[in-house]
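Colleague: Let me begin by handing over the structure; questions about it come next.
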Amino acid sequence: MITTRRLLLRPLTQADLAAFVALHADERVNRFVGAFTEERARQRLAEIEGQWAERGHGLGAVELRSTGEFVGRCGLNHWAPFDEVEAGWTLRAEAWGHGYATEAARAWIEWGFARLDVPYLTAMIHPGNAASAAVARRLGFAPRREDELFGKPVTVYALDRP
């Protein structure tokens, strides 16, 4: 568990199923990251729990410290096809514009570089996702290459180990 000034960050679990499905049900959110049926969300959360168990890192819930409200997900996800660890963030639309994505991602990045033996972290951002690209730049990421994720184009931003 990581705490920041305003946020509580913890591993996602099956207990987050309803919040995870609701997060991805919003068309403003899912236009870049996709929607999840309850069954697919259950599978994805099992994959996330498995990554935590096997690799010691994964995606986490983002909650407001003041209320405990679930506002999104953020964390470090290993992508086997690339053999890279991505710092990823997806927040509820109502939480946009408050700096939560930057705050959460910065905490996970610091945590990751302190614990993981990786030369860099990535952020895979779909074309047109200007808000995520701005978060990546604020965190020090720079475009490294163009690639595909799930058959869709992404710009792979990277942040080298300090």
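Nothing in this text is a laboratory measurement; each read-out follows from the coordinates by a stated rule. A quick note: this is a predicted structure, and the numbers were derived from the prediction, not measured. Using ideal geometry, Cβ is built from the backbone for each residue, glycine included, and neighbour counts are taken over all protein chains shown.
Colleague: Does segment 70-162 come out rounded, prolate or oblate by the C-alpha gyration tensor, with a ≥ b ≥ c the root eigenvalues, rounded set by a/c under 1.5 and, if not, prolate when a/b is larger than b/c and oblate if not?
Modeller: oblate
Colleague: Kindly provide the trypsin sites (Lys or Arg not before Pro) of segment 1-68 that DSSP labels as loop, not H, G, I, E or B, and whose Cβ sees at most 11 other Cβ atoms within 10 Å.
Modeller: Answer by residue number: 5.
Colleague: Note down the net charge around residue 117, summing +1 for each Lys or Arg and -1 for each Asp or Glu among other residues with Cβ under 12 Å from its Cβ.
Modeller: With Lys, Arg at +1 and Asp, Glu at -1, the net is +3.
Colleague: Moving on to the next point. What is the Å³ per residue value for the convex hull set by the Cα atoms of segment 122-162?
Modeller: Roughly 55 Å³ of hull volume per residue.
Colleague: What does the charge add up to near residue 126, with Lys and Arg as +1, Asp and Glu as -1, over the other residues with Cβ less than 9 Å from its Cβ?
Modeller: Summing Lys/Arg as +1 and Asp/Glu as -1 gives +2.
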